[in-house]
Structures are given as structure tokens and as C-alpha cells.
Amino acid sequence: MSGLSTFRCLACGASFPLAGSLTACAACGGLLDIVSELRAFGRTGDAWRDLFDRRRAAASSEATRPFETSGVWRFREHVLPDLPESGIVSKPEGATRLYAAGALGDELAFSRLFVKHEGENPTLSFKDRGMTAGVSWARTSGFSTVACASTGDTSAALAAYAAEVPGMRAVVLLPDAKITDEQLSQALAYGASTLGLDTDFDGCMRLVAELTAARPVLLLNSKNPVRIEGQKTIGWEIVQDLGWRVPDWIVVPVGNAGNVSAIGKGLREWLDLGIIAKKPRLAGVQAAAADPFYQSYRKGFSERVTRVAGETAASAIRIGAPVSHPRAEREIRFFDGVVESVTEVELLDAFALANRHGLAICPNSGVALAGAAKLRREGVIQKDDLVVVVATAHALKFAGTMSAYHRGGGRLANPPRRLPATLDAILAALDAPRGA
Ligand SMILES: *Cc1c(COP(=O)(O)O)cnc(C)c1O
Ligand SMILES: [Zn+2]
């Protein structure tokens, strides 16, 4: 099928045919959505669920092309229905694990807590789901250069997917000294033109918009609605992983607000297609140092707040002017959602606590977990609610932060010890009380 999707402006409602070069409304400059006529396939909710279950079961045994094992392209009719299969650039990605966090849940007074570990993607963050869609789209639309501003993970994903396409150049604009070395080295290793700028993420975002307006370069930040289409699959996988049960809550860290928007949009589409029958509630969580979306929520969204984002260990969400604010506001309203904000101590302790339970999630994921714990304490989330926390990246992208926490004085710090090389010293150390 083709001709199923159009762009629609969230601000003025204008519609445009899909075109690779369009990343904002041609009439008013507003944010675009992709709207697809998914009912045109004529399948029932049951038929879709069967199709996706068959694909997942066949993914390891019968797959011949990478995208057939992808957790994004498993749902390809609902991602970019007009994209030819031959255009797909897939590693593959998605199909990440959903962990039942029993002991961690007990500690935080949840009886049914799950963690969807997006750090298990090829470049160790959920951004791969958006980039498989974005780079496939760029290639099919004839672009040979793609660009993004990044807090670290978008650039790693962009670089890695562009590296799969012969002749494609990736350009990444990074706020100098505000992303981790691990993330920076990913962009370098995958061969991206990597430019560290003396500004913050919001400054990089403005400049990449100017760059892509001045040159035939496709903007692949989540402002581009194609990225959102790939990231919708997180919510869909969660529902399928749970045996087609819809959780009571999905809790997501929020930076530029593309991901919470994507999860919401996908689930709204599935409600419309009859694939699910109930709405989950959405919770977006920010770090107090960079919480404009939370501040806006506190005002009943009467005003779109922006601020200068302060320093936070959750550096992937250090953003003061979330580009997807209008999309995210729509989903928070539709899903009867809430927005929370957590302190540095709360997010770092939640990060360390999840790690302590063997879950290698990052500080940004710690923001979501800390937010879930706070909402639980406040009685907004009930003990028996089925809760899924989306862990957005892998702990080892933040190895420096992890090491600093354990060498510093955090509540769960587990510092290494140096000893003389003797058995006596080892035995004495093991017999001493922990933390002594
Ligand atoms: C990008 C990112 C986020 C935030 O996602 P947005 O779509 O910008 O809200 C959260 N965590 C990590 C690890 C990220 O890389
Ligand atoms: Zn418009």
C-alpha cells in the first residue's frame, strides 16, 4: 500500500503530502505529525495482534533480512506504511527485554514493577528506534547528509545508522563538555563529523535548524516526525511483552519530550484500531535542574515554560526548551497523565538502586524510576498497579557518573578498596564490616 500517510501541523492543522525535505509546517512553521490511514488495511485488532505475534515468533528462526528481527519493523505497517521494505536500514533494533523487577519493586513498595530496558539497543539507547526510521527515510528521500543536535545518545544513533549507508554523512552538533566521554566516543567511532560547540543543547538545536535550512541536509532530531514514528514502538512492545495486557502506568524520563509523545501517539493509534481496549496512564519525569515541562504542567499547561537547563547527572535530558512540548502536552492530557520532577540525590540514588539489583540503567532512567517511587509514595500510583518504567539508556554510557557515585558518598556507594597483595589483607578486608 502507499499514499497512506500525510503530514499534519499541530499548530494550524494544515496537511501536506509526505516529503523528505519537510520538517516543519510550510504554512506556520509549527510541529508536524504524521497521520496514517491505518484502518485502510481492513484488519481487526485480533488480526493485528496475531500478525505481530507470528512475526515475533518467526523473528529468530525464519528471518532472512535484518529488519525481520527488529522490534521496530515488526510493526512496519504502523510505523511508516508508505516506506518500501527495500528502503529499510536496520541493525536490527528494539525487541529489548522487559524485566520483572521483583526485589527492586518490593523495596519501593510496588507489587508489579517492570523495567523496559532500552539500553539493550545497538547503540545502547532507545534513540536507535527513531534513527532506524529517520535514516531509512533519509535514504529513500535521496539525502546523503543527515544532522542532529544531541545530548549524546541521538548523535551516537545517527552516526551508527548513517554508517550503514554507503556514502551517507552524519553531522552532529554537541554542547561542548556537556555529554559523557562514552557518548562522544560513539559518534567519533562511527565516523560522524562531530562538532563540539560552546553552547548548550538548546543552542545546538537552533544552529542545526539553521544548518539544515542552508544546505540539503536532513534534520533528524525528534522535531522531525519520522523519528517519532519509530519510537512509537516502545509502547507497543511493552503491551505485546505483557501478553497484550495494558499496564496501569508507563513512566518515562522527559528531555526534549519526543519519546513520551511517541509512546502516547502509538498507543492512541492502537486504541483506534482496537488492538488495545484500555488507556494506560502516562507519567513524564524531569530532573529538577531542567524541568520546564514540569513547571508548565504545574501551571495546568496555561503557559509554555522554557528555562536555562542547569547541570545534572541526567545529562541526556538537560534541555531547557523541549521541542516536542505541544506533542507531549497532548499525550499527557489524553492519557490522564502526570508530570513529576526529582532532585539530583533522588535520581542518583534510584540509578544506583536499580544497578544494585543488577539492572544496568543510566541516570536518566534513574529519573523515571525516582519519579515512579515518588508518585507511589504520594499515593498517585497504587501498590498493586502494573507499572512499567522505561529505562532509556545503558549504565555504561555513564560509566564516569557511576564510578563517581561509588567513589563519593552516595547512600548506596560501594567504593573499591586498595590492599597489599597478600591473603591476610584480603581476609581482613572480607571480615571487616561492609563500608568500613
Ligand atoms: C534522549 C534521551 C531521553 C529523553 O528523550 P526525549 O525524547 O528527549 O524526551 C531520556 N533518556 C536518554 C538516555 C536519552 O538519550
Ligand atoms: Zn502550521
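Of the trypsin sites (Lys or Arg not before Pro) found in the range 246-347, those that fall in a DSSP loop while having at most 13 other beta-carbon atoms within 10 Å are 278, 299. Pairs exceeding 24 Å between alpha-carbon atoms, taken from 279/374; 223/278; 232/278; 127/299; 116/278: 223/278; 127/299.
Couplings 3J(HN,Hα) for the range 232-237, derived from phi with the Karplus relation 6.51 cos²θ - 1.76 cosθ + 1.60 (θ = phi - 60°), are 4, 5, 4, x, 5, 4 Hz, where x marks Gly and Pro. Stokes-Einstein diffusion for the range 185-323, with the hydrodynamic radius set to the Kirkwood value over Cα pairs and evaluated at 20 °C in a medium of 1.002 mPa s, equals 126 µm²/s. Based on the convex hull around the alpha carbon atoms, the chain presents an average projected area of 22.4 nm². When the alpha carbon gyration tensor of the range 55-135 is reduced to an equivalent ellipsoid, its three semi-axes come out at 29, 14, 11 angstrom, largest first. Highest GNM mean-square fluctuation, the chain, Cα pairs closer than 10 Å: which of 409, 400, 94? In this elastic network of the chain, the residue with the biggest mean-square fluctuation among 409, 400, 94 is 409. Shape summary: the range 365-406 maps onto an equivalent ellipsoid whose semi-axes, from the alpha-carbon gyration tensor, are 26, 12, 6 Å in decreasing order.
Listed by chain and number, the aspartates and glutamates whose alpha-carbon sits under 20 Å from that of residue 178, ignoring those within fewer than 8 places in the same chain, are 153, 198, 200, 202, 291, 311, 344. Provide, for q = 0.11, 0.12, 0.14, 0.22 Å⁻¹, the log10 of I(q)/I(0) from a solvent-free Debye sum over equal Cα point scatterers in the range 310-436. Reported log10 I(q)/I(0), two decimals: -0.51, -0.58, -0.74, -1.33. If I model the range 136-263 as equal point scatterers sitting on the Cα atoms and use the Debye formula, what is log10 I(q)/I(0) at q = 0.15, 0.19, 0.21 Å⁻¹? Listed by q, the Debye log ratios stand at -0.73, -1.06, -1.21. Listed values for the range 291-307 are Karplus-derived 3J(HN,Hα) couplings in whole Hz (6.51 cos²θ - 1.76 cosθ + 1.60, θ = phi - 60°), namely 10, x, 5, 5, 4, 5, 4, 4, 9, x, 6, 6, 8, 8, 7, 10, 8, and x replaces Gly and Pro. Helices in the chain, meaning DSSP H runs of at least 4 residues, each add -39500 (n - 2.57). Divided by all residues, the mean residue ellipticity at 222 nm is -11500 deg cm²/dmol.
A simple count of charges around residue 293, restricted to other residues whose Cβ falls under 14 Å of its Cβ and scoring Lys, Arg +1 and Asp, Glu -1, yields +2. Sparsely packed loop sites in the range 353-427 (the trypsin sites (Lys or Arg not before Pro) outside DSSP H, G, I, E and B with at most 10 other Cβ atoms within 10 Å) comprise 411, 417, 418. Percent of Cα-Cα pairs more than 17 Å apart in the range 5-92, please. Tail of P(r) above 17 Å: 59 percent of Cα pairs. Here, the range 1-45 is characterised by an Rg to Rh ratio of 1.07, where Rg is the alpha-carbon radius of gyration and Rh the Kirkwood radius.
Starting from the range 342-436, pick out the GluC sites (Glu not before Pro) whose DSSP state is loop and whose Cβ has at most 13 other Cβ atoms within 10 Å. Sparse-neighbourhood loop GluC sites (Glu not before Pro): 378.
For the chain, set up a GNM with springs between Cα atoms under 10 Å and report which of 208, 390, 72 has the largest fluctuation. Its mean-square fluctuation being the largest, the pick is 208.
Every number in this text was worked out from the coordinates using simple rules, so none of it is lab data. Values in this document were obtained by computation on a predicted structure and should not be read as measured data. Every residue, glycine among them, receives a Cβ derived from its backbone with ideal geometry; neighbour counts consider all protein chains shown.
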